[in-house]
Amino acid sequence: MVGTVRKMGVARVAIEQDVLVVGGGLAGITAAIAAAETGADVRLASYKQPTLRHASGLVDVLGYTPDGEGPLVDPFEAIDDLPEGHPYERAGADAVHAGLDLFDDIADTYEGSHTPKNALLPTHGGTVKPTARYPAGAAAGVASDTRDTLLVGFERLVDFDAPLAAAHLGAAGAPFRARGVTVEFPIELSADPKVTRFAHLLDRDEAVGGRGRGVRRALAERVKGHLDGEDRVGFPAVLGDDHPAEIRSELEAELGAAVFEVPMGPPSLPGIRLEDRLYEALDDAGVSITTGNPIVDYDGDGTVETVYMDRNGSRVPYVAGEFVLATGGLVGKGIDSDREGVEEPIFDCHVPHPSDRYEWFEDGAFDDHAFARFGVDPDTEMRPRDADGDVQFDNLRAAGSVLGGSDFAAEKSGSGVSLATGYRAGHLAGQRA
């Protein structure tokens, strides 16, 4: 839809939607789909590449309480006791369930669906992480499984030291015997290959040495000689982008053992796969998508009337009945800071923070830093509030890590907060547009 906006005496054609979501990460995608499910006409405007591809692909709800208690078996038993101002307290437990249900309906290659319990997954560093949803490719690696495990790393993939990860799992008291080996990938690679290079070679089952033997079988043959009675084998999460299930199945047949992927740091193949599936879901929901240009300004006083997208120096107006802000936190620049203070840069939403910068952080790297909880402060309808506690805009809602009140990295709650607040904000926006 189009309309006309007049600013500074100049008429511009505006693009109109019922709901405009600003931000293309997990919170923004969830908000857009939730709004579309109400029947609203929805557009998602994303400037930067979403951080999903840099994440592990695991979906955490709450692994630890704000006081550090955990790992939690059932995150929902702790949600009701979270402090006032926490995003889960604002959105409500029903929104957490609804956000997870929406995710479960979309991500059909994930395990843990429709259950409130956490699973424990080994990571590439050899730690054990509580998570609520995890890719099917990681399922055989759950730490509650007592089967002995062989971890396999590749010589040129320095991000995964399999022997060290196995040693860490043993020191952490994992209920299984873990060993780690490092092998040369069957096809010669550059000194620092991208994870996608491994994935594409395995997807195509590239021939090895001109003998007609594919790289999948060649890899299995290299690993098989290292097996010593282990019933499962963990590889770094590079087992294909387009055909991961097929690759795992072939490796399992050759090895005679269950195969799983160990979640990795950025860039992450499971994160890329999840991003692709979520954007397919946006298309399925009929959401319009605009990417590559930032929202830089708005018109309105108490009600957002128009936002402006900077497109090659030209300000393109977008009009909507409801808006959702899901631009991320300090890492994603949805929250910005300098020596003068902390701000939300598009709508200038209030961000509570100490005026003394030395109170933003503690001395130790792993101490309880105030900056980890910086973000906008919403009411229970996810509308940002000003310093007096009053709603700043009656038709603007916020979701995801742009919200303050939680240290999602320490709590292992980032994905769950995005799903819950994204669902709550998008559903309300769609209903009221």
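For segment 84-109, the set of residues classified as over 19 Å from Val73 (Cα atoms) and either part of a strand (DSSP E or B) or aromatic (Phe, Trp, Tyr) (or both) consists of Phe103 only. Checked against the criterion of being outside the structural domain of Ala409 (by TED's automatic domain parsing), hydroxyl-bearing (Ser, Thr, Tyr) and in a strand (DSSP E or B), the candidates Thr182, Thr146 yield just one match: Thr182.
Closer than 24 Å to Arg315 by Cα, part of a loop (DSSP other than H, G, I, E, B), more than 15 Å from the chain's Cα centre (by Cα) and among the small types (Gly, Ala, Ser) - does that describe any residue in segment 9-23? Spell out the reasoning first.
We begin by selecting, within segment 9-23, every residue closer than 24 Å to Arg315 by Cα; these are 9-23.
Filter again for part of a loop (DSSP other than H, G, I, E, B), leaving 9, 23.
Now narrow it down to the ones that are more than 15 Å from the chain's Cα centre (by Cα): 9.
Now drop any that are not among the small types (Gly, Ala, Ser), which leaves 9.
Yes, segment 9-23 has at least one match.
With respect to being within 28 Å of Gly137 (Cα to Cα) and touching a Pro at 6+ places or on another chain (Cβ under 9 Å), Ala107 fits the description.
Among the residues making up segment 260-269, a single one is in contact with a Ser or Thr (Cβ under 8 Å, 6 or more places away or on another chain) and modelled with pLDDT of 95 or more: Val262.
Among the residues of segment 377-433, count how many are among the polar types (S, T, N, Q), assigned to a helix (DSSP H, G or I) and touching a Ser or Thr at 6+ places or on another chain (Cβ under 8 Å). Write out each step before concluding.
Taking segment 377-433 and keeping what is among the polar types (S, T, N, Q), we get 380, 392, 395, 401, 406, 413, 415, 418, 421, 431.
Next cut, assigned to a helix (DSSP H, G or I) only: 401, 415, 418, 421, 431.
Applying the additional criterion that residues be touching a Ser or Thr at 6+ places or on another chain (Cβ under 8 Å) yields 401, 418, 431.
Total meeting the criteria: 3.
Suppose the filter is closer than 21 Å to Arg43 by Cα and either buried (at least 20 other Cβ atoms within 10 Å of the Cβ) or free of Cβ contacts under 8 Å to residues at least 40 places away in the same chain (or both); does Ser314 pass it? Spell out how you get there, then give the answer.
On the way: closer than 21 Å to Arg43 by Cα: yes; either buried (at least 20 other Cβ atoms within 10 Å of the Cβ) or free of Cβ contacts under 8 Å to residues at least 40 places away in the same chain (or both): yes.
For Ser314, the condition - closer than 21 Å to Arg43 by Cα and either buried (at least 20 other Cβ atoms within 10 Å of the Cβ) or free of Cβ contacts under 8 Å to residues at least 40 places away in the same chain (or both) - is met.
The sole residue among Asp407, Asp394 that is under 30 Å from Pro71 (Cβ atoms) and not assigned by TED's automatic domain parsing to the domain that holds Pro135 is Asp407. Tallying residues that are within 22 Å of Thr123 (Cα to Cα) and either part of a helix (DSSP H, G or I) or among the hydrophobic types (A, V, I, L, M, F, W, C) (or both) within segment 221-243 yields 7.
Is at least one residue of segment 195-208 farther than 15 Å from Thr127 by Cβ and in a loop (DSSP other than H, G, I, E, B)? Can you show your working first?
Restricting attention to segment 195-208, the residues satisfying the condition of being farther than 15 Å from Thr127 by Cβ are 195-208.
Still in the list and also in a loop (DSSP other than H, G, I, E, B): 205-206.
Scanning segment 195-208, I find at least one residue that is farther than 15 Å from Thr127 by Cβ and in a loop (DSSP other than H, G, I, E, B), so the answer is yes.
Filtering segment 384-424 to residues that are among the basic types (Lys, Arg) and crowded, with 20+ Cβ neighbours inside 10 Å leaves Arg397, Lys412, Arg424. Do we find a residue being farther than 28 Å from Val195 by Cα, in contact (Cβ under 8 Å) with a residue 40 or more places away in the chain and surrounded by fewer than 22 Cβ atoms within 10 Å (Cβ to Cβ) anywhere in segment 30-37? Yes: segment 30-37 contains one or more residues that are farther than 28 Å from Val195 by Cα, in contact (Cβ under 8 Å) with a residue 40 or more places away in the chain and surrounded by fewer than 22 Cβ atoms within 10 Å (Cβ to Cβ). Given the condition under 26 Å from Leu62 (Cα atoms), in the same structural domain as Asp301 (by TED's automatic domain parsing) and at pLDDT 95 or above, answer yes or no: does some residue in segment 353-370 qualify? No: segment 353-370 contains no residue that is under 26 Å from Leu62 (Cα atoms), in the same structural domain as Asp301 (by TED's automatic domain parsing) and at pLDDT 95 or above. Within segment 314-352, being closer than 16 Å to Gly24 by Cα and either in contact with a Lys or Arg (Cβ under 6 Å, 6 or more places away or on another chain) or at pLDDT below 95 (or both) holds for Val324, Gly328, Gly329, Leu330, Val331, Gly332, Lys333, Gly334, Ile335. If only residues of segment 416-433 that are modelled with pLDDT of 95 or more and of a type in the set (Gly, Ala, Ser) are counted, the one that is nearest to Val128 (Cα to Cα) is Gly416. Taken over segment 236-263, the criterion of being small (Gly, Ala, Ser) and more than 14 Å from Ser56 (Cα to Cα) is satisfied by Gly240, Ala245, Ser249, Ala253, Gly256, Ala257, Ala258.
The values are calculated or read from the model by the stated rules, or taken from the named source; none is laboratory data. Note that the coordinates shown come from a computational prediction; the quantities given were computed from them, not determined experimentally. Note that each Cβ is placed from the backbone with ideal geometry, even for glycine, and that neighbours are counted across all protein chains shown.
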